[in-house]
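K.L.:
Here it is, the structure, as structure tokens.
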Protein chains: 4
Amino acid sequence: MVDRMQLTSGPPPACLADFAGLARTALPPQVWDYVDGGSGAEVTLGGNRRALDRVAVLPRVLTGVSTPTLRTRMLGREHAMPVAVAPMAYQRLVHPDGELALAAAARAADVPYLASILGSTPIEQVTATGAEVWFQLYWLRHRSLVTDLLARVRAAGCRALVVTVDVPVLGRRLRDLRNAFRLPPELVPANLPGGRDDLAHGGTPGVTPVSASHDAPFAPALSWADLRWLRQRCDLPLVVKGILDPADAVRAVDVGVQAVIVSNHGGRQLDGVPASATMLPEVVAAVGDRCEVLLDSGIRSGVDVLRALAMGADGVLVGRPMLWALAVGGRPAAGTALSLLADELRDALALAGCADPATARELRTVSVD
Amino acid sequence: MVDRMQLTSGPPPACLADFAGLARTALPPQVWDYVDGGSGAEVTLGGNRRALDRVAVLPRVLTGVSTPTLRTRMLGREHAMPVAVAPMAYQRLVHPDGELALAAAARAADVPYLASILGSTPIEQVTATGAEVWFQLYWLRHRSLVTDLLARVRAAGCRALVVTVDVPVLGRRLRDLRNAFRLPPELVPANLPGGRDDLAHGGTPGVTPVSASHDAPFAPALSWADLRWLRQRCDLPLVVKGILDPADAVRAVDVGVQAVIVSNHGGRQLDGVPASATMLPEVVAAVGDRCEVLLDSGIRSGVDVLRALAMGADGVLVGRPMLWALAVGGRPAAGTALSLLADELRDALALAGCADPATARELRTVSVD
Amino acid sequence: MVDRMQLTSGPPPACLADFAGLARTALPPQVWDYVDGGSGAEVTLGGNRRALDRVAVLPRVLTGVSTPTLRTRMLGREHAMPVAVAPMAYQRLVHPDGELALAAAARAADVPYLASILGSTPIEQVTATGAEVWFQLYWLRHRSLVTDLLARVRAAGCRALVVTVDVPVLGRRLRDLRNAFRLPPELVPANLPGGRDDLAHGGTPGVTPVSASHDAPFAPALSWADLRWLRQRCDLPLVVKGILDPADAVRAVDVGVQAVIVSNHGGRQLDGVPASATMLPEVVAAVGDRCEVLLDSGIRSGVDVLRALAMGADGVLVGRPMLWALAVGGRPAAGTALSLLADELRDALALAGCADPATARELRTVSVD
Amino acid sequence: MVDRMQLTSGPPPACLADFAGLARTALPPQVWDYVDGGSGAEVTLGGNRRALDRVAVLPRVLTGVSTPTLRTRMLGREHAMPVAVAPMAYQRLVHPDGELALAAAARAADVPYLASILGSTPIEQVTATGAEVWFQLYWLRHRSLVTDLLARVRAAGCRALVVTVDVPVLGRRLRDLRNAFRLPPELVPANLPGGRDDLAHGGTPGVTPVSASHDAPFAPALSWADLRWLRQRCDLPLVVKGILDPADAVRAVDVGVQAVIVSNHGGRQLDGVPASATMLPEVVAAVGDRCEVLLDSGIRSGVDVLRALAMGADGVLVGRPMLWALAVGGRPAAGTALSLLADELRDALALAGCADPATARELRTVSVD
Ligand SMILES: Cc1cc2nc3c(=O)[nH]c(=O)nc-3n(C[C@H](O)[C@H](O)[C@H](O)COP(=O)(O)O)c2cc1C
Ligand SMILES: Cc1cc2nc3c(=O)[nH]c(=O)nc-3n(C[C@H](O)[C@H](O)[C@H](O)COP(=O)(O)O)c2cc1C
Ligand SMILES: Cc1cc2nc3c(=O)[nH]c(=O)nc-3n(C[C@H](O)[C@H](O)[C@H](O)COP(=O)(O)O)c2cc1C
Ligand SMILES: Cc1cc2nc3c(=O)[nH]c(=O)nc-3n(C[C@H](O)[C@H](O)[C@H](O)COP(=O)(O)O)c2cc1C
């Protein structure tokens, strides 16, 4: 469905946003809307950017820093930079190489790849790329399905388990509703036991925001008890994705997670929630060093990564920009996007006078309008 | 005057705002302006939306909530959701079925229908739809007229009396002035004793913002003493609509009202007053649990209802969107609008981790820009 | 130069702003720019409106107010409303009837008319209209010229003396600079002893913002000592116009003025100063009831007057809107503008639950964005 | 490459911004972008203006000030006004007369000219214009190169040494990247020992923001120790340019600098840092009178200079506007720009009631939106 996806002959992208324009041209309009859109009136979607743009970072001068290192520990392992690829469903929707391309690019860039449970490629093939893979879980209809999937994920060599908690139901994505968007039939959730048939009748979880999704295989009634159950049965590092309230972050720490991801799902779930960047400082203060804190939703540049670090994050996830690059030019373009981000972050750290990401967490931020 | 009012063949409305575009096409421009417009420079009209968009709600995760209930008590009776149809004059102006269509839709959705004293359908026919009807009163020229009307309203089976207090004179609606808008002669205020003739010379109350309206049958000099007089003579639950100042809310409670409606009349009365959402938290704090607090002016989605609840409201009124739907497709479209709102609110509660509207009142809000 | 100035055949103006559009059409572009423009980047010009729009007034309900009175005392005499016509130079520039038309309209509306020292009509003719005239003074080259003018002003029957203190030099009005705007030769400052010849070479005070204006007949070096000198020699009520800093207001009170006018000259003098509405509450608090406080710069409606009153002003001056009306239709249009303002203010007071302007000063204001 | 650069036949510029439009027409698009652009998403570039526009200055009245003096001491010498020409590389890029034209204009206006180390004219020719020249230094590959250059600069008669500390690496200027902008080969950095060959391979320092610039002759690892080393070896007044954090300003004072320049390099280095105007008051408070504080980034008018003074600055640097004027009309236009600025500042001081720049530092500022 998506062909002739190659970097056009124009000038090379100067920043991640440049991939957006190219992707918009490359993708069918409805697929673009699915990727680009947020829920409801898209107030939160826009708010994510505004909140980041309002964070001004105070650089330090004459710190004697030449070329900063970007290397960072996340979940106990060192990576090339404090960045990971966010979990995103059905990546073959935007490029035939889908998950394999993004995982390979992540591997080459030495950053974690978060594999969505709704991936369109079997998890074993994804880990076979050699990438550090964190498996992202939406809860399943029965605990036994979860147990089975955990075993499979463990066997495939995933290095962490990320439970997304901000999807008790799907957000109301009006663009998809208006486009009556449906996944093409050949796209199947390759990691769900019974394949596509396991998915709810009348709705395509991960895609169509219809009420029917209530019957989808991820159970809406997920609770702290389930998380504790999971913690006991899972010897991988455990991460909770989709927290905004500092009190919830503390509860997650109490359950024993290794990291929380402050996120509003890129403005795709409950419209009208705060930007994740708005809540980040409170979450960081609340959990202290009892767990790592990652941020996503709206990260578009090395300056944004610096902003997140300066507000206390240990790292960030990048979502849509990776799909833009994938759509535009498959694995090579995804690699370009990650290198660009590394270059930007290296320059940003140097310009802020920071030898490494840890130093950036000491920077002062100022709110601007 | 309004014909071929049916849902167009386009995609079904994805949100209440979609009805606005359809209504704008369906209605004569002057009628659209009458419905859509605010007073003066429309600063308050725009401010209502901005104030709501600035309220970010902090969702809670892992609360074990599956499908939330929307059921709520308002004025001592349970309803399907914390939403009511706002009182709006002359509904036959936008659709021949007018009041009957909206009341029937409210009944089907199991939400209160507030009948304007300036309704274009006799109140007895409205209550005959089986809807829970709250009768909205503008003060009349003589107390005896009020007494008579109360008896009629009581006999018709209305369940509450709502006194609108923000119309001592009509707001200056410049669009109507520029359009020299007049109600079509066949539209009569069906609940006023002497019919249309009772209305003031040279002005059409509820419609034309001319000074002549000073002589209209609702007396501008309404005071707290009148409200006390009414409280003594009326055994229905009493509600005051159109309060912004917390001190006035406390006075209303002292008189013995069951609810106050924090409202600026949808930006149609005094331009330059605060958004009702801006004043809501103070009013809630001021009255405590001595009376219920409802909110209107600018509510357009389930997310807005969630915002109102999170700021402490017991429920909301929805105004213009009901007229948009009515204009577009009569009773069925009005039903669609209310279902959509219920769907949106159900999703919003679930995504915020709330089992019911009462829980939503515990949510924390954050101000954004 | 300005002919066919009559109300067009369109709908009558619904608000003062409607006159602006008509005037823009009626006036030569350079004259429009002279009237409409501010100084520098026009940041203050725009800020005046934004500051007023940000002032939300909390209305009170059920106060038993029917038709409010607008009558107000200013400088010890009662007037029809808390509004005066601001002093503006060369009114014959926009209409042949100039000062006489505005003064007559002010008289009919029973509001003070502030006559600019740079009027294009002799002050005696202005007072002959029967209006209450306050004479506005720019300082003159010699104290003896001031003394002579005072005697003339006194003889002509002016009721107050208003010293404008925000014009030590003219503001840099870039529109006028770009238009190389010059007053037409037939326009003379009819109240200056030597007529036009008295005005500085190379510059037209009141009009062209050139450095040459340093030599204009109003001396830039005006000081508090001069004001004290004037206070002793003048038995008329004394008013200082153009104060923004509360400390300066207090000094003026100490000299013995009856009123201060918080004003930035409609954004025409120093660009980058605060909106006068921004400073009003501080000035009111600083002077207490030791003198009256009037406000101008940006007032465009009865709601704006209400905002000023609620912030503690005793009244307002209206500038450009009077010139718009004058340009559009001479004295009748000016009368329409003042009636419109009275109607708007009456409605605004009624809607805010205020029996009179004094009560409005007790209203609470809320800052909005 | 740039010819026919003369003031067009239109009206003379009414403010510095007028030169921008003319320059945009006169310059090749890529050169315009190089001059005009900022780094990254240009958030800081835009923020510089917004921050200045938000500073409202409270004027004082009746201070008896006629024509204020603009004379100011900076670095121990008196100048015509508290303004200097910011150091900007390769000025012959926009006009054949380049550095000589701007230096001559500065000399005529009696303001300091800051000569960039990347000047396209030998420093000896620049000082020969008679201007007061402050030499701006980017660090060099070896301390011996610095020592040699210092001797040359000293011999040429420069009066101060300005070390720019916000360029450990070049900012990512996306316009230049997209334009693949390169300096024309004939432009050489005339003050660097080995001429153009000394500059890094694959990158043009001062122009192209490529990573290759890491090998450019200014060493990125500049530290406080280097500054102390320089302080000891240099008997000229020492200035640090590019500080935003008050703590860094204090450290600079401790090293013994005579002045700090609060600057974000006109939004060309790290995007996402605060506007320099935002940080100015804190820096002023932190250093007290232990050193002078200058400001640049976004200054466009005399009102902006007044704003800076009122926030406590001792003076400002003006960057791009000087290049606009230079591009448009060489030395005469540059002279016009500086006179305009002096006229504007004189009017602004007079209108604020200030006899001189020192008095302006006592003015109160108010934050507006
Ligand atoms: C097309 C798309 C699909 C997504 N699918 C998932 C998913 O399957 N699981 C999940 O936890 N998050 C999913 N997300 C959310 C991302 O993990 C991430 O939180 C979000 O994209 C970050 O915001 P950004 O796109 O602004 O960077 C998806 C996002 C997009 C755009
Ligand atoms: C066309 C129209 C007519 C109205 N008529 C009445 C009325 O008769 N009585 C009343 O109390 N409020 C009336 N209102 C105000 C509504 O009850 C309600 O306060 C307002 O519409 C809420 O704002 P919204 O339209 O933004 O939801 C009217 C509003 C509109 C738009
Ligand atoms: C064309 C014009 C001429 C003016 N001439 C004078 C004047 O001669 N003396 C004076 O004190 N103010 C003068 N002003 C300022 C007004 O008195 C008043 O402060 C200002 O117009 C108020 O702002 P507004 O126009 O937004 O209402 C003038 C204003 C305008 C627009
Ligand atoms: C084209 C250009 C070249 C510049 N070159 C230098 C330079 O060589 N050294 C330096 O310290 N600053 C340099 N700057 C920064 C300026 O000195 C100054 O900080 C900045 O331009 C001030 O902002 P403004 O342009 O908004 O006035 C340059 C700026 C521009 C626009």
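K.L.:
Let me confirm one metric for peptide A:264-273, namely the mean number of other chain beta-carbon atoms within 10 Å of its residues' beta-carbons.
P.N.:
Counting other chains' Cβ atoms within 10 Å and averaging over A:264-273 gives 6.
K.L.:
With the other protein chains left in place, how much accessible area per residue, in square angstrom, belongs to the range D:254-369 at a 1.4 angstrom probe?
P.N.:
24
K.L.:
I would also like to ask the following. How much accessible area is lost when chains A and B come together, counting both sides, with a 1.4 Å probe, in Å² rounded to the nearest 100?
P.N.:
Buried area between the two chains comes out at roughly 2800 Å².
K.L.:
Quick one: with label points 7 Å out along Cα→Cβ, list the inter-copy distances for D:PRO11 in nm, shortest first?
P.N.:
Inter-copy label distances (nm, one decimal, shortest first): 3.5, 3.5, 5.0.
K.L.:
From other protein chains only, count the Cβ atoms within 10 Å of every residue's Cβ in C:160-169, then give the mean.
P.N.:
Mean number of neighbouring Cβ atoms from other chains: 4.
K.L.:
What is chain C's relative contact order, in percent, from Cα pairs under 8 angstrom and six or more apart in sequence?
P.N.:
Result for chain C is 28 percent.
K.L.:
Suppose every K and R has +1 on its Cβ and every D and E has -1 on its Cβ; what is the size of the dipole of the range D:123-194 about the Cα centre, in Debye to the nearest 20?
P.N.:
The calculated dipole for the range D:123-194 is roughly 320 debye.
K.L.:
Can you name the residue in chain D whose Cβ lies closest to the D-to-C rotation axis, and give that gap in whole Å?
P.N.:
That would be D:ASP369, 5, residue then distance in Å.
K.L.:
Shifting gears a bit: Taking each residue of A:246-259 in turn, how many C-beta atoms of other protein chains fall within 10 Å of its C-beta, and what is the average?
P.N.:
1
K.L.:
Put a label point 7 Å from Cα along the Cβ direction on D:ASP289, then list its distances to the equivalent points in the other copies in nm, shortest first.
P.N.:
Its label point is 4.5, 4.5, 6.4 nm from the equivalent points in the other copies.
K.L.:
Go through C:233-242, D:23-32 and give me the packing order, highest mean Cβ count within 10 Å leading.
P.N.:
C:233-242, D:23-32
K.L.:
Label-to-label distances across copies for A:ARG73, with labels 7 Å out along Cα→Cβ, in nm, shortest first?
P.N.:
Ordered by increasing distance: 5.6, 5.6, 7.9 nm.
K.L.:
Now for a different question. Describe numerically, in nm with one decimal, the distance between label points set 7 Å from Cα along Cα→Cβ at B:GLN30 and at A:THR25.
P.N.:
With each label point 7 Å from Cα toward Cβ, the separation is 5.1 nm.
K.L.:
About its Cα centre, what dipole magnitude does chain B give when the only charges are +1 on Lys and Arg Cβ and -1 on Asp and Glu Cβ, stated in debye to the nearest 20?
P.N.:
160
K.L.:
Using protein chains only (no ligands, no nucleic acids) and a 1.4 Å probe, work out which residues of the range D:52-71 have their accessible area cut by at least 50 Å² relative to the chain alone.
P.N.:
Checking the loss per residue gives D:LEU58, D:PRO59, D:ARG60, D:VAL61, D:LEU62.
K.L.:
Leaving out ligands and nucleic acids, and using a 1.4 Å probe, what accessible area per residue does the range A:1-137 come to in Å²?
P.N.:
Result: 35 Å² per residue.
K.L.:
Sticking with this one: DSSP loop (so not H, G, I, E, B), at most 13 other Cβ within 10 Å: list which GluC sites (Glu not before Pro) in the range B:79-188 pass both filters.
P.N.:
Within the range B:79-188, the qualifying GluC sites (Glu not before Pro) (loop, at most 13 other Cβ atoms within 10 Å) are B:GLU186.
K.L.:
Could you give the dipole magnitude of the protein assembly as shown about its Cα centre, charging the beta-carbon of Lys and Arg +1 and that of Asp and Glu -1, in debye to the nearest 20?
P.N.:
Once rounded to the nearest 20, the dipole reads 40 debye.
K.L.:
Determine, for each peptide in B:339-345, D:117-123, the mean count of other beta carbons within 10 angstrom over its residues, then list the peptides with the highest first.
P.N.:
D:117-123, B:339-345
K.L.:
Still on this structure: If we sort A:221-232, B:36-47, C:173-184 on the protection proxy, mean other Cβ atoms within 10 Å, highest first, what's the order?
P.N.:
Result, highest mean first: B:36-47, C:173-184, A:221-232.
K.L.:
Please compute the contact order of the range B:222-349 in relative form: average sequence separation of alpha-carbon pairs under 8 Å and at least six residues apart, divided by the residue count, as a percent.
P.N.:
Relative contact order for the range B:222-349 comes out at 20 percent.
K.L.:
For the protein assembly as shown, what is the convex hull volume of its Cα atoms per residue in Å³?
P.N.:
Each residue corresponds to 175 Å³ of Cα convex hull volume.
K.L.:
Rounded to the nearest 0.05, what FRET efficiency is calculated for B:ARG143 and B:THR67 with R0 set to 41 Å and r the Cβ-Cβ distance?
P.N.:
0.25
K.L.:
List the equivalent ellipsoid semi-axes of chain A in whole Å, largest first, each obtained as the square root of 5λ for an eigenvalue λ of the Cα gyration tensor.
P.N.:
They are 29, 24, 20 Å, listed from largest to smallest.
K.L.:
Need the list of aspartates and glutamates near A:LYS241 for cross-linking: C-alpha distance under 13 angstrom, and skip anything on the same chain fewer than eight residues off.
P.N.:
Filter leaves A:ASP166, A:GLU292, A:ASP296.
K.L.:
Out of the total accessible area of chain A (probe 1.4 Å, heavy atoms of protein only), what percent is carbon and sulfur?
P.N.:
Here carbon and sulfur together make up 51 percent of the probe-accessible area.
The values are calculated or read from the model by the stated rules, or taken from the named source; none is laboratory data. Values in this document were obtained by computation on a predicted structure and should not be read as measured data. With ideal geometry, Cβ positions are generated from the backbone for all residues, glycine too; neighbour counts draw on all protein chains shown. Ligands, DNA and RNA are stripped out before the accessible areas are found, and what is left, the full protein with its side chains, is counted by its heavy atoms. Shrake-Rupley method; radii C 1.70, N 1.55, O 1.52, S 1.80 Å.
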